[in-house]
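Visitor: My structure is below; once you've seen it, I'll send some questions.
The values are calculated or read from the model by the stated rules, or taken from the named source; none is laboratory data. Only a predicted model underlies this, so the values are computations on that prediction, with no experimental measurement involved. Here the Cβ is made from the backbone with ideal geometry for all residues, glycine too, and neighbour counts use every protein chain on show.
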Amino acid sequence: MKFTVVTSNENKAREVAAFFTGVAEVAHTFLEIPEFRDNDVGVIAEEKARYAWDALHCPLIVDDTGFFVTALNGFPGPYAAYVLDTIGMEGILRLLEGADDRSAYFETAIAYADDSGIIRVFRGVVEGTIVSPRGEGGFGYDPIFSVDGRTFAERTLAEKASMSHRGRALAALRQFMASDGSSDGAKEPNC
């Protein structure tokens, strides 16, 4: 089984490759993809996959992730990467000053385009709490997102993958591939 992860984020590519170790051959391709906008990360991922497949014509996955903070009415939602780049984790923590409710969740939608260009979307959600930054691992909001008392930044890549939003979406994709939708690599990736 072969497919390509299309992302500019090398950390995401590493997570995906680690998740499929021994199951699939995973390549990584950087492709400038227009930033589609929607309130649903699944719609965004699907549009990104369509664009990537039209450019590359090989089995591939793209993803989109949202970070939804309850006390902020779901903000930053699907704009999580932009918010991280502009106000950072510190900005989110400032916005939450005085808030009693520190609950939040991540949602990842992974769009898989098979060798025919048919796109399917797989979702994963994980709920947690916003805390003061802890840990050295991970990336993005990992130092402030805690599940069961530990942040994602305090976990190994394998621990995080087993419980994270991306890990849950990847597990759904892997189950799909193993059942009836496997990517048999009939077309060699030109990615």
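Residue-wise test of (1) touching a His at 6+ places or on another chain (Cβ under 7 Å); (2) small (Gly, Ala, Ser); (3) crowded, with 17+ Cβ neighbours inside 10 Å; (4) modelled with pLDDT under 95.
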position: Glu127; (1), (2), (3), (4): no, no, no, no
position: Ser132; (1), (2), (3), (4): no, yes, no, no
position: Glu136; (1), (2), (3), (4): no, no, no, yes
position: Ser146; (1), (2), (3), (4): no, yes, yes, no
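Visitor: Within the stretch 48-79, can you find the residues that are of a type in the set (A, V, I, L, M), crowded, with 21+ Cβ neighbours inside 10 Å and over 16 Å from Phe3 (Cβ atoms)?
Guide: Of everything in the stretch 48-79, just one residue is of a type in the set (A, V, I, L, M), crowded, with 21+ Cβ neighbours inside 10 Å and over 16 Å from Phe3 (Cβ atoms), namely Val69.
Visitor: Does Ala99 satisfy the criteria of being in contact (Cβ under 8 Å) with a residue 12 or more places away in the chain and either on the phi > 0 side of the Ramachandran plot or under 17 Å from the mean Cα position of the chain (by Cα) (or both)?
Guide: So Ala99 does not fit the description; no.
Visitor: Further, regarding this structure: As an exercise: evaluate Ala113 against (1) among the hydrophobic types (A, V, I, L, M, F, W, C); (2) modelled with pLDDT under 95; (3) more than 13 Å from the chain's Cα centre (by Cα) and give the number of the one condition it does not meet.
Guide: (2)
Visitor: What tally of residues in the stretch 80-125 results from selecting those that are of a type in the set (S, T, N, Q), closer than 20 Å to His165 by Cβ and surrounded by fewer than 16 Cβ atoms within 10 Å (Cβ to Cβ)?
Guide: Adding up the residues that qualify gives 1.
Visitor: Still on this model: Residues in the stretch 1-19 that are part of a loop (DSSP other than H, G, I, E, B) and either small (Gly, Ala, Ser) or buried (at least 18 other Cβ atoms within 10 Å of the Cβ) (or both): how many?
Guide: Final tally of qualifying residues: 2.
Visitor: Would you mind listing the strands (runs of 3 or more DSSP E) fully within the stretch 70-182 where at least 1 residues are of a type in the set (Lys, Arg) and in contact with an Asp or Glu (Cβ under 8 Å, 6 or more places away or on another chain)?
Guide: It comes to 119-130.
Visitor: Considering only residues that are in a helix (DSSP H, G or I) and among the hydrophobic types (A, V, I, L, M, F, W, C), look in the stretch 27-47 and name the one that is surrounded by the fewest Cβ atoms within 10 Å (Cβ to Cβ).
Guide: Across the stretch 27-47, the extreme among qualifying residues is Val43.
Visitor: Still on this structure, please answer the following. Taking the stretch 5-30 only, how many residues are of a type in the set (A, V, I, L, M) and without any contact (Cβ under 8 Å) to a residue 40 or more places away in the chain?
Guide: Qualifying residue count, the stretch 5-30: 3.
Visitor: Being farther than 30 Å from His57 by Cα and not small (Gly, Ala, Ser) narrows it down to one residue among Ile118, Ile110, Ile87; which is it?
Guide: Of Ile118, Ile110, Ile87, the one residue that is farther than 30 Å from His57 by Cα and not small (Gly, Ala, Ser) is Ile87.
Visitor: Further question: Which of the numbered conditions does Phe68 fail, given that it passes all the others? Conditions: (1) modelled with pLDDT under 95; (2) under 16 Å from the mean Cα position of the chain (by Cα).
Guide: (1)
Visitor: Something else: Suppose we filter the stretch 156-166 for residues that are touching a Phe, Trp or Tyr at 6+ places or on another chain (Cβ under 7 Å) and either surrounded by fewer than 20 Cβ atoms within 10 Å (Cβ to Cβ) or not small (Gly, Ala, Ser) (or both); how many remain?
Guide: Selection size over the stretch 156-166: 3.
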